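Worksheet: the structure to be examined is printed underneath.
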Amino acid sequence: MASLWQKALMYLGLVDEDRVDQEPEQAAPTRTRSAVKTVNPQSPRERVAGRRVEPPPASRRAQPQHGSRSTGAVRAVPTMDAQSDVIEPAHFDDAKLLADRIRDRVPVVLNMRTTDPEMVRRLVDFCTGLTYALDGSMRKIDEGVILVLPPRVSLGREEKRRLADLGLYAIGDEQP
């Protein structure tokens, strides 16, 4: 009977089925000398020649100058200030418009002051799932008004003033 190892070799196509069906011959155990050579680090004659990898000099690790391309694998993603869209939802179909705007990296202000309370609950649940899935953020900026932000997008001072002039942003309740 073939061992699990032999079956695996046959499955991978590394041996023929005929070789697996035959019983393996019992070979006498032989001792082999280790091919690994032990090196005494104190003896300079027996040092092994090899390649030593050094870290890059500090000058190469510095941040690239403005306009030059970064060769690193990780780069900082800048936060951008954007102008927001104001949506006054009347139906749950407006949630699709909200999701499309967030995917396009546009902040959305939901003015739900005149929206049915049951619809407000559904829209808040939808916004919560949307911001979680897209790694965005959501916060209440005034009574009945919610700000939904895409990831790495914030509102600038001018946009906050514009929303305050529209009566949609309570400036006194500024959060850090």
Residues within segment 134-152 that are in a strand (DSSP E or B) and out of contact with any Cys (no Cβ under 7 Å at 6 or more places or on another chain), tallied: 8
Some residue of segment 58-67 being modelled with pLDDT under 90, out of contact with any helix residue (DSSP H, G or I) (no Cβ under 8 Å at 6 or more places or on another chain) and of a type in the set (A, V, I, L, M): yes
Segment 107-124 residues that are more than 19 Å from L149 (Cβ to Cβ), paired with ones that are acidic (D, E) and surrounded by fewer than 19 Cβ atoms within 10 Å (Cβ to Cβ) (beta carbon under 8 Å, 6 or more apart): R113/E143; T114/E88; T115/E88
Selection count, segment 125-152, where residues are touching a helix residue (DSSP H, G or I) at 6+ places or on another chain (Cβ under 9 Å) and either surrounded by 15 or more Cβ atoms within 10 Å (Cβ to Cβ) or in contact (Cβ under 8 Å) with a residue 12 or more places away in the chain (or both): 18
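The values are calculated or read from the model by the stated rules, or taken from the named source; none is laboratory data. Quick caveat, the model's predicted, so the values are computed rather than measured. Please note: Cβ atoms are built from the backbone with ideal geometry, for glycine as well, and neighbour counts cover all protein chains shown.
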